[in-house]
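**Q** Okay, handing you the structure first.
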Amino acid sequence: MSSQITVRAFDLAAVDLSLTRMLDAAEHARAAAIQNPATRRDFLAGRVVQRLMAAELLEATPQDLAAAYACPECGPNPVPSHGRPGYALRGKPAALSVSFSRSNGWGVAAMVTAAGVPLGVDVQHLAQVGFAGFDDVALSPTEKSTLAELAPEERERWRAVVWARKEALAKFTGQGLRTDPALIPAFPHAGAGEGAAARNVAAQVWELVPGELALPEDYAAAVACGGNL
């Protein structure tokens with residue numbers, strides 16, 4: 001993975017929620033719309049650690065930052081705050097590109113200290129891909145063939161890695177899962193995808209090793225970024 005990308009994992013249950021006072025009104029409005037208490041807590045904790053990490057990389061204080069999200073459909077600074085993450089620093093766009101993902105109480109953030117860098121990160125708990133029909137929804141024909149060649153005990157982790165890679169690529173492009181997941185190539189430079197979606201991906205994708213991030217072993221994570229980094 002490029003040394004220009006900083007990636008960190010966070011145990012969201014360990015975050016002091018008194019720090020949510022540093023968040024913006026739009027972020028609190030987004031949290032208030034989340035009905036499940038555990039999901040709402042993880043959302044707030046994720047916004048806290050993301051802001052703290054951003055402030056550290058920018059050599060600023062968290063209070064110097066204002067959330068500046070951008071949604072492909074809603075435009076910049078949607079309320080409630082959602083879309084591609086970003087910050088303004090003392091009223092000006094921060095020289096920082098951000099992606100963040102949450103899964104089962106853990107969060108992973110990826111950041112580059114430059115503005116406008118397409119970036120995507122995703123983390124998946126292995127249990128999230130263990131449902132009937134996953135392969136038909138998520139995998140291309142080539143990926144299904146690869147899966148069939150694996151030993152049964154290797155398949156759950158492989159599915160989670162593939163889904164994390166696809167989600168990271170979906171965030172990288174900014175399209176999210178409005179694209180059919182089966183058309184998003186988990187291995188865009190290895191011939192594993194089919195069709196125009198595979199040919200049009202100009203990204204490098206890296207699988208993240210859980211142990212190197214202090215992430216539990218029953219998680220998979222991946223980051224996607226422009227190939228020039």
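**Q** Out of all the residues in region 30-46, is one or more among the small types (G, A, S) and within 17 Å of P93 (Cα to Cα)?
**A** The answer is no; no qualifying residue exists.
**Q** If you check F43 against the conditions, is it part of a strand (DSSP E or B) and modelled with pLDDT of 95 or more?
**A** No; evaluated as a whole, the condition is false for this residue.
**Q** Tell me which of these E207 doesn't satisfy, since it passes every other one: (1) surrounded by fewer than 22 Cβ atoms within 10 Å (Cβ to Cβ); (2) at pLDDT 85 or above; (3) over 17 Å from the mean Cα position of the chain (by Cα).
**A** (3)
**Q** Residues being under 18 Å from Y219 (Cβ atoms) and surrounded by fewer than 18 Cβ atoms within 10 Å (Cβ to Cβ): count how many of those fall in region 9-60.
**A** Number satisfying all stated conditions: 5.
**Q** Name the single residue, out of those in region 153-188 being touching a Lys or Arg at 6+ places or on another chain (Cβ under 7 Å) and crowded, with 24+ Cβ neighbours inside 10 Å, that is farthest from A220 (Cα to Cα).
**A** I184
**Q** Looking at region 137-157 only, could you name the residues that are assigned to a helix (DSSP H, G or I) and touching a residue at least 12 places away in the same chain (Cβ under 8 Å)?
**A** Hits for region 137-157 are V137, A138, P141, T142, E143, T146, L147, E156, R157.
**Q** Does region 193-201 include one or more residues that are among the charged types (D, E, K, R), more than 16 Å from G120 (Cβ to Cβ) and modelled with pLDDT under 95?
**A** There is at least one residue in region 193-201 that is among the charged types (D, E, K, R), more than 16 Å from G120 (Cβ to Cβ) and modelled with pLDDT under 95.
**Q** Any residue at all in region 10-25 that is touching a Lys or Arg at 6+ places or on another chain (Cβ under 6 Å) and of a type in the set (D, E)?
**A** There is no residue in region 10-25 that is touching a Lys or Arg at 6+ places or on another chain (Cβ under 6 Å) and of a type in the set (D, E).
**Q** Report those strands (runs of 3 or more DSSP E) wholly inside region 69-131 carrying at least 2 residues which are surrounded by fewer than 21 Cβ atoms within 10 Å (Cβ to Cβ) and not aromatic (F, W, Y).
**A** Strands (runs of 3 or more DSSP E) meeting the threshold: 87-89.
**Q** All but one of (1) within 18 Å of the chain's Cα centre (by Cα); (2) farther than 30 Å from L89 by Cβ; (3) free of Cβ contacts under 8 Å to residues at least 40 places away in the same chain hold for A115; which doesn't?
**A** (2)
**Q** Determine which member of the set L169, L139 is of a type in the set (A, V, I, L, M) and either within 14 Å of the chain's Cα centre (by Cα) or within 15 Å of V98 (Cα to Cα) (or both).
**A** L169
**Q** Okay, moving on. Mind checking which pairs have a first residue in region 13-30 that is basic (K, R) and a second that is surrounded by 11 or more Cβ atoms within 10 Å (Cβ to Cβ) and outside any helix (DSSP H, G or I), Cβ under 8 Å, 6 or more apart or different chains?
**A** Hits for this filter: R30/P80; R30/S81; R30/H82.
The values are calculated or read from the model by the stated rules, or taken from the named source; none is laboratory data. Treat the numbers as computed from the prediction; the structure is a model and nothing was measured. Neighbour counts are summed over all protein chains in view; Cβ atoms, including those assigned to glycine, are modelled from backbone coordinates with ideal geometry.
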